[in-house]
Amino acid sequence: MKEASHHADVDVVLEARGLRKEFRGYVAVNSVDLDIRRGTIHALIGPNGAGKTTVFNLLTKFLVPTSGRIRLEGADVTTEQPAALARLGLVRSFQISAVFPHLSVSENIAIALQQRFVSPSKFWRGGLRPDDMSERICGLLGQVDLSAFAQTRAGDLAYGRKRALELATTLATEPKVMLLDEPTQGLGHEDVERVTDLIKQAAIGRTVVMVEHNMKMVARIADRISVLRRGEIIAEGPYHEVSSNPQVIESYLGSRSRTAGKAS
């Protein structure tokens with residue numbers, strides 16, 4: 001980690017200033033500033049091609065910014081690698097949540113726990129011992145409503161349950177900031193409701209940043225929303241503010257904003 005930030009707001013856990021990303025002359029993200037406040041759910045929304053995923057990849061260092069700075073808890077992490085960020089507590093779900101289909105749900109969580117608490121050399125040398133972590137595993141299973149599926153092969157879970165397992169393996173790393181990339185994508189209505197409830201519960205005492213297209217879900221649980229268009233933030237604030245912003249209505253929400261607004 002590098003020097004501490006002089007940012008005055010100690011409640012900002014993840015900060016971006018002037019983020020810019022160019023791909024062979026095409027500017028995908030331009031001058032993006034973000035303040036992610038501790039203990040909140042912050043959603044990034046926008047139409048296709050708005051730059052949401054690029055910003056997400058920049059924050060997690062799966063892309064290197066052309067210019068700009070990123071700070072985590074006041075420390076400059078702009079040059080850190082994704083694995084180093086994960087160890088510092090900034091965890092993107094798929095970094096550790098790939099489901100091992102031939103292992104049980106409990107064994108999947110045990111692997112995530114070992115990645116968090118065991119050094120890499122010991123992890124690969126040692127055997128998988130879920131019994132050693134049974135209390136923590138049971139707690140995580142209960143948190144994501146998978147207690148009844150502890151011994152089920154992960155590959156046999158319904159899609160919505162797999163997303164819950166991914167959330168559990170992310171929580172196993174005890175992240176300070178949890179980044180979720182379209183957590184309800186591909187889910188049916190019932191599973192969307194379940195996963196939304198799980199995220200809301202998991203966010204207690206944590207910070208969540210998510211890219212999400214489901215505006216009903218965003219309206220329900222996001223504390224703050226940043227709206228992107230053509231690589232720039234055009235509006236930011238709580239849902240009731242951004243959903244009534246003329247630029248947002250024109251570029252993304254349109255008439256759907258009136259319908260989604262009733263969901264909250």
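The values are calculated or read from the model by the stated rules, or taken from the named source; none is laboratory data. As the structure is a prediction and not an experimental result, all values here were calculated from the model. When we count neighbours, we look across all protein chains shown, and the Cβ atoms used for this are built from the backbone with ideal geometry, even at glycine.
Descriptive notes on the structure:
- Subset of region 212-234 [part of a helix (DSSP H, G or I), within 21 Å of Arg37 (Cβ to Cβ) and more than 14 Å from the chain's Cα centre (by Cα)]: Met217, Ala219, Arg220
- Here the strands (runs of 3 or more DSSP E) wholly within region 28-114 that include at least 1 residues being within 27 Å of Arg220 (Cβ to Cβ) and more than 12 Å from the chain's Cα centre (by Cα) are 41-45.
- Some residue of region 184-202 being in contact with a helix residue (DSSP H, G or I) (Cβ under 6 Å, 6 or more places away or on another chain) and not in a helix (DSSP H, G or I): yes
- Under the condition of being modelled with pLDDT of 90 or more and closer than 12 Å to Val99 by Cα, the residues counted in region 123-162 number 7.
- Filtered residues of region 2-23 (kept if among the charged types (D, E, K, R) and either within 16 Å of Met210 (Cβ to Cβ) or at pLDDT below 90 (or both)): Lys2, Glu3, Asp9
- Any hit, region 220-230, residues being touching a residue at least 60 places away in the same chain (Cβ under 8 Å), among the polar types (S, T, N, Q) and buried (at least 21 other Cβ atoms within 10 Å of the Cβ): yes
- The listed residue being touching a Pro at 6+ places or on another chain (Cβ under 8 Å), among the β-branched types (Val, Ile, Thr) and either touching a residue at least 24 places away in the same chain (Cβ under 8 Å) or buried (at least 16 other Cβ atoms within 10 Å of the Cβ) (or both), out of Thr60, Thr66, Thr79: Thr60
- Condition check for Glu190: touching a Gly at 6+ places or on another chain (Cβ under 8 Å), farther than 22 Å from Leu34 by Cβ and in contact (Cβ under 8 Å) with a residue 12 or more places away in the chain: yes
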